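FYI, it's all coordinate maths here, none of it is from the lab. Computed from a predicted model, the values in this text were never measured in an experiment. Positions of Cβ are generated from backbone atoms using ideal geometry, with glycine treated the same way; all protein chains shown enter the neighbour counts.
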Amino acid sequence: MYNVSKGTASFSELISRIRELSALPPEDAGTRFPKSPRFAMHVARLFQEDRLFDILPRIEVQLRIVAKFSPPVRPALDPYTSTQIGIFSKTFDDYEIGHFLEYPECCIRSFSERVRYSIDEDHMRELRASGMKAFVATAGFIPCSLFCGEAQDRGLLSFIEPDQIVAIRALERAIASELPHFHPEYREHYFEVRSV
Ligand SMILES: [Zn+2]
């Protein structure tokens, strides 16, 4: 039995949800994903209409790279894939998207209702108070707190040692070079890393 990192397990779980939607009749997708019904139906419909034919090979490539690096936290999903399936679209509310990405409820609420759209000074204060020197989070995911146990359990957030940052940057470069895309904000940006 391999010792799978939390980041790999979390990424693998997300990929299997997308894979599952690729084979699900749209009318069943809402029942299967009751917290993201409209989004799940939308993705299943795109798959059914064969408009996502290039997505599955890309995410399999990303999964293979992630498994090789075995990161403590999962990277953001390939931005091309996210764009195609509608994750960045304003059509779906933050809760639908957040639940599909397995973000904890507390973090979605903090993001959506407190309009906390980026790593901010409160996170940095928590880092300094933690006694740790650095942390990493999945890009696009904003934890309600660096001490959020749910986010840590789900492989979305972790305190790290500064010497782990090199491997995280190498993983970002490996994904970017194997999966080119044209999303302007996410070039080689799959993690949020901060250190003191
Ligand atoms: Zn939280």
Could you give the angle, 0 to 90 degrees to the nearest 10, between helix 55-69's Cα long axis and the longest principal axis of the Cα atoms of the chain? 30 degrees
Full-extension gain in nm, Arg173 to Glu150, via 0.36 nm per residue minus C-alpha separation: 5.5 nm
Entries of Lys35/Lys133; Lys68/Lys133; Lys68/Lys90 with Cα pairs more than 31 Å apart: Lys35/Lys133; Lys68/Lys90
Under 18 Å from a label point 7 Å along Cα→Cβ of Glu20: give me every residue in segment 93-110 with its amide N that close. 96-105
Using the number of other C-beta atoms within 10 angstrom as an exposure proxy, rank Val4, Val43 with the fewest first. Val4, Val43
Report P(r) for segment 59-196: all Cα-Cα distances, bin width 10 Å, range 0 to the bin holding the largest distance, values in whole percent. 12, 43, 37, 9, 0
Give me the extension gain from Asp163 to Phe88: residue separation times 0.36 nm, minus the current Cα-Cα distance, reported in nm with one decimal. 23.8 nm
Cα gyration tensor of segment 139-196 diagonalised, 5x eigenvalues square-rooted, in angstrom largest first, produces semi-axes 23, 14, 10
Describe numerically, in nm with one decimal, the distance between label points set 7 Å from Cα along Cα→Cβ at Glu126 and at Arg38. 2.9 nm
Tell me what the chain gives for mean residue ellipticity at 222 nm when only DSSP H runs of n ≥ 4 count, each as -39,500 (n - 2.57), the sum divided by the residue total, rounded to 500 deg cm²/dmol. -15500 deg cm²/dmol
